[in-house]
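The values are calculated or read from the model by the stated rules, or taken from the named source; none is laboratory data. All of these numbers come straight from a predicted model, not from anything done at the bench. In this analysis, Cβ positions are derived from the backbone assuming ideal geometry, glycine residues included, and neighbour counts consider all displayed protein chains. All accessible areas refer to the heavy atoms of the entire protein, side chains included, with ligands and DNA or RNA removed. Shrake-Rupley method; radii C 1.70, N 1.55, O 1.52, S 1.80 Å.
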Amino acid sequence: MRRMLLVCALLTCLGWPAAAQPNPVLPAPPDALTVSDPELVEGVSAFGLPQWQAVGTLTVAEGAPDALADLILTAEVLDAEGELIGEGFGAPVDACGLTLRPDAPLQPGEQVPYLVSLELDDDALIPDSVVLTVGATPVQPAPVNPFATFPDVRELFSGEVVRLEWTPEGLLRFAVGCELRVFTAQAWYEYDPVAGDVRPIDPPNGEALTPALLRQLELEDPADLDHAKLQFHPNDTRLIYQDRINTILTTEADGSYTRLLWDFLSRISLQGYVWLGDARFLAYYYGAYGDAVRYFTASTGGQRISVNPLDATPSLIVPGASPDGARVVIAIEREGETIYRYQSVVNPSRGDDLFVGDAPGNNFPPPVVAIREGGQTEIYVIREEDGAVRLQCVAVGEPTLNDLALLPLRVAQDERGLSALSPDGATLALAADGRNGGVWLVDIGGLGCGEG
């Protein structure tokens, strides 16, 4: 959903006018804001050129009386002898290095990264340290969420979570970082429900991304590798990726037995995958928030299940899919109503209308399909109603949409949510990136589908 990875050094790139702000920018109270020591790194400027940057974190004190808006960081750049050799300008950023919206103040207890782009007097100079000055405008904090308790939800992790998957053994894996980057550039964690702990792990299958493999896949350029959306299916040894013109392929971990799934997709943007059973998956496409979602289902072995994504019925939401990939849960507009529908991906005219109700944007977690004993199909949806995000369930063939749980999920338009059902069908994992990101678990086996 984020459009670019380059960090802007100009005021206009930051989304602020070059003229003075209408409100006075005041020094941030020292007891309200903690600025970590800056780390000097070599980054990339807005023009694609190498540029020194200072990075760190900003933390607003828990219980501080004010939120902080219009945060601006300026820097004096010093060499090893303490001589001034340049200056810098920056702001709070997200995990991808993109500046946060200036109209969204940092709240008490919140921590975010900052990035300051440095301009040196001479390109040959090497910075040794920087002296930061931070300006901010104290504003009224956001009101406390009236739905402050979530008895049916367990918070597992707090952070910008961009990957979420269950292993066949029932372990939950997730990645934290920038969703635009290749998976090996993200920090991975694993949750063991038996041990009850979350621990850092190496990126799954990260060792497979050898120079030889990247050369064979023509992904040696880091920009091409990020664009490829290369991922391994958690239930299989094969990987999925797209080339420079968005042709999507699967291959073995050593680059052999490559299979082309769909080509001529250069007009649509791959956003991610929903993992299904038996090494199957759903791939989904859209350009920005509010766009219709295109999709297809297939297997990592190269078997097409659905029709071409350009021929599939567009959805208002990221679809969920049955474990075999043969049917999808989508939301459509029909005669002025928004309808959730469970339909065939082979013949879009075949399927079942589930219920009529507002659909969230394409940034919300996709629905999840569970096949219960006896063949009953239950569909879990995450929707916003009356200002709160709720988990709801409908059984295919039944008329009632059941309200199960209130969720702590908060997803802005430039953020996204994820969902994944455990192999035993008992636990629903939800995740989100952004400033309110994290991982949450819901025991749907305990809630039931018609008992909420």
Scanning the stretch 331-345 for residues that are among the small types (G, A, S) and either part of a loop (DSSP other than H, G, I, E, B) or open to solvent by 10 Å² or more (accessible area, probe 1.4 Å) (or both), the one farthest from D403 (Cα to Cα) turns out to be S344
Which residues, taken from the stretch 43-60, are among the aliphatic types (A, V, I, L, M), touching a Pro at 6+ places or on another chain (Cβ under 9 Å) and surrounded by fewer than 16 Cβ atoms within 10 Å (Cβ to Cβ)? V44
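The rows are residues; the columns are (1) of a type in the set (A, V, I, L, M); (2) part of a loop (DSSP other than H, G, I, E, B).
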site: A142; (1), (2): yes, yes
site: E169; (1), (2): no, yes
site: R199; (1), (2): no, no
site: E207; (1), (2): no, no
Are any of the residues in the stretch 75-96 in contact (Cβ under 8 Å) with a residue 60 or more places away in the chain, closer than 20 Å to R410 by Cβ, assigned to a loop (DSSP other than H, G, I, E, B) and not charged (D, E, K, R)? yes
Which of the following residues is surrounded by 19 or more Cβ atoms within 10 Å (Cβ to Cβ) and either in contact (Cβ under 8 Å) with a residue 12 or more places away in the chain or not small (G, A, S) (or both): R383, R372, R390? R383
Selection within the stretch 263-278 - open to solvent by less than 30 Å² (accessible area, probe 1.4 Å) and modelled with pLDDT of 95 or more: L265, I268, L270, Q271, G272, Y273, V274, L276
Residue match in the stretch 161-179 (condition: free of Cβ contacts under 8 Å to residues at least 40 places away in the same chain, touching a strand residue (DSSP E or B) at 6+ places or on another chain (Cβ under 7 Å) and on the phi < 0 side of the Ramachandran plot): yes
Counting only residues in the stretch 207-239 that are among the basic types (K, R) and either more than 19 Å from the chain's Cα centre (by Cα) or farther than 30 Å from P423 by Cβ (or both), the one least open to solvent (accessible area, probe 1.4 Å) is identified as R238
Of the residues that make up the stretch 129-137, is at least one of a type in the set (A, V, I, L, M, F, W, C), in a strand (DSSP E or B) and open to solvent by 60 Å² or more (accessible area, probe 1.4 Å)? yes
Matching residues in the stretch 346-359 - criterion: being surrounded by fewer than 19 Cβ atoms within 10 Å (Cβ to Cβ), in a loop (DSSP other than H, G, I, E, B) and not hydroxyl-bearing (S, T, Y): V346, N347, P348, R350, G357, D358
For V112, work out the one condition from (1) open to solvent by less than 40 Å² (accessible area, probe 1.4 Å); (2) closer than 30 Å to L391 by Cβ; (3) outside any loop (DSSP other than H, G, I, E, B); (4) at pLDDT 95 or above it doesn't fulfil. (4)
